[in-house]
1. Roll a 1.4 Å probe over the protein chains and send me the accessible area per residue for chain A in Å².
2. Positive end of the charge dipole of chain A (Lys, Arg +1 and Asp, Glu -1 on Cβ, about the Cα centre): tell me which of A:130, A:32, A:221 has its Cα farthest that way.
3. Could you give the size of the charge dipole of chain B about its Cα centre, using +1 on the Cβ of each K and R and -1 on the Cβ of each D and E, expressed in debye and rounded to the nearest 20?
4. For the pair residue B:280 and residue B:158, how long in nm is the line joining their label points, each one 7 Å along Cα→Cβ?
5. Buried accessible area between A and B (1.4 Å probe, both chains summed, ligands and nucleic acids excluded), in Å² to the nearest 100?
6. Please report, in debye to the nearest 20, how large the charge dipole of the range B:249-377 is about its Cα centre when each Lys and Arg carries +1 at its beta carbon and each Asp and Glu carries -1 there.
7. Tell me, what is the per residue accessible area of chain B in Å², probe radius 1.4 Å?
8. Computing the accessible area with a 1.4 Å probe over protein heavy atoms, can you report the carbon and sulfur percentage for the protein assembly as shown?
Amino acid sequence: MSCRIELQAVSSAPVFAKAAATVEAETRRIEAHFSRYRPDSMVSRINQAAGKQAVVLDAETAALLDFADHCYRASGGVFDITSGALRQLWAQAGSLAAPLAASATRHRLPDAAALARVCALIGWEKLVWQRAHGETSIFLPQPGMEIDLGGLGKEYAADRAATLLRQQGLSAALLNFGGDLHACGPWPDGSPWQVGIAHPRQPGALLATLPLFQGGLASSGDYARCLLIDGVRYSHLFDPRSGYPVRGLASATVLADTCLVAGALASIALLHGAAGGDFLASAASRYLAVDDAGRQWQRR
Amino acid sequence: MGWEVAAVAAIDSLCRSAGAIARNPTSVGFLLASAALALPLSSTPVQAGDFSSPAGVDAAEVGVAYLRYQENGRMRADAPLLWFNVSPDESLQIGGSVDLDTLSGASVQYVSNRSGTPVHALSGASVNERRTGSEVHASKAWGEQRVGVSVAQSRETDYRSQSAAIDYRIETNARNTTYSVGLGHSSDEIGKHGSPIWRARHSQDVLLGVTQLLTARSLVQSNLAYGWGSGDYNDPYKSTLSFFGPGAPVVQPDRRPEARHHLAWLSRYRHFLPQINTALGLDYRYYRDDWGVRAHTVELSAAHTLENGARWVPLLRYYTQHAADFYAQSFAVRSATGSSDTRLAAFGALTLGLRFEWPLTAQSRVDLSLASYRQRAAWRPGGGTPDLPRLDAGYLMLGYVWRF
């Protein structure tokens, strides 16, 4: 999962120990099942079969890919989990790193031919779905095509862990999966968890503090991982239509019933670039977005 | 590059309500939320138990507070107080408190109509009373059930009280409904300065309650309490002097019935508005006893939580009371029961209060409560006891809480 996972709960020590064990076990299960870095995960098996054969999906993977399909349609095609290949291409031009890291001085633009080759491998609408005998299978038609759940896997893990903790009766708990949060419920006296939103341009400072009673809170931005090209900051999200990383919004934070929906809306907002704030105004219940110039969009 | 916060871009100013956007069938948020339903995830309603007193708080809480109550020109009470709450495990909770009250000022000893209208005369001797009180309680939970016990005692030079109570609570209906039952007993001994005689009084209370979650953000609670007691209820320091023409007055010492039965019904409604982080509250309480006292209380409150976790709670309370049957400001003849204690009169009262909680660190908090109380006979619909003196009082509580 390559991120720090934190559980905060108001409970006794034995209940907390059981909750922590549950969170760890479920996170490992999801990682083993969905991580593209595990050769025997569902995602890796789908990618390795690209251009060769269809792969039958279990119910959980089918539902998650169906969710990705809804994200693709709702975002007008910019949220596309087949655009993972772009990341590697740009990574060859220099690593995606934190802006203050010594290595992130300058990235080079990849050459046009390489970009065109990779763009040919991208496109959610190119995937072939088959449904027969109650089973769903997916086929990536060209070798080199791949799907990458990216942040969706982390957000899904946060939601699954929260579901299991609620089933155990724990309600005053907050899960933090590397910045993707899910609160099972508020503090016993009804007061909310106070979540600090990092300022995208002032390291260590807070942009705002948002109260979270229950549900998911996810952020997307260009400050943790980004590309610096000719002094201009680009985010780590790529527009599949152009092949270029997007810029425009510095940070978007969304609150929703699940971390999956919150994270999807935050990523889609960033993918809309400068129009991300307007997208959130019509799409999300509670959000906070900021662009390069410091302009804010919010509904608290 | 400057970071000025410009005006918020409000595209959907007509749809300010968070719910409207989320429920709009064409909104992207709604579409994605529907898609997520296919996944094995659950969202949860808030449960009725979550609104009740903080059960299952791990670690300990200790608080100190200072209370000051002041009446206009009359009584004043200062009370430092220390309390604690600890949860050795999720199902067990123990707490207690100790307080030391100092009552000073002048207390009404005589009511006299010598001037033509009733006048509450101060005895000239000032009151300087010290009261110590302590209380311990513990509760244990088994699944959806919880049992609690508490004992309390209070001591002054001329008054002693011991009480004990037990309560039982059960959550049902997927923790949306909580039923509670309580029983209490109190034994008091009333003495008088300068007199070796102590009189006794015993009372019992039964309480039945239900808390029902209506939606994920609102609940209603209703409690019915019935109490009965017998013994000495008189105030040994008070009497009424009634003058009718020249000659000696009729002296009526404070005499009340030797038994009292009372009923109280409390209902509250709480509604949480997430858009403004505020919980609105409406309380109504009805009281009646067999001394003829009947009272209604209506209270409005709004608990608002700020971004840093601070909370402020303004409240407004309106109270009206019907006088006890044996209450009067003058007595033509001395009778078996009669009292001029203004607390048994007919009047209306308004309380305006503000409570403020401010977290200092992750583990400490400052609480401040202020209230202003005003009591007037004329504020009771239909009028109150004529010539009842007005009462203005103020209350302040400053507290500091540590969690660890």
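The values are calculated or read from the model by the stated rules, or taken from the named source; none is laboratory data. In this text the structure is predicted, and so the values were computed from the model without any measurement. Cβ placement follows ideal geometry from the backbone for every residue including glycine, while neighbour counts extend to all protein chains displayed. Quick note on the areas: whole protein, heavy atoms, side chains included, nothing else; ligands and nucleic acids left out. Shrake-Rupley method; radii C 1.70, N 1.55, O 1.52, S 1.80 Å.
1. Working: 11660 Å² over 300 residues.
Per-residue value: 39 Å².
2. Of A:130, A:32, A:221, it is A:221.
3. Numbers: 38 positive and 36 negative charges, 186 e Å.
Result for chain B is approximately 900 debye, rounded to the nearest 20.
4. Distance between the two pseudo-spin positions: 4.8 nm.
5. On the way: alone 13710 and 23490 Å², together 32910 Å².
Using a 1.4 Å probe on protein heavy atoms, the buried area is about 4300 Å².
6. Working: 16 positive and 11 negative charges, 26 e Å.
Dipole about the Cα centre, nearest 20: 120 debye.
7. On the way: 21250 Å² over 404 residues.
I get 53 Å² per residue for this part.
8. Working: 19280 of 32910 Å².
Reported share for carbon and sulfur atoms: 59 percent.
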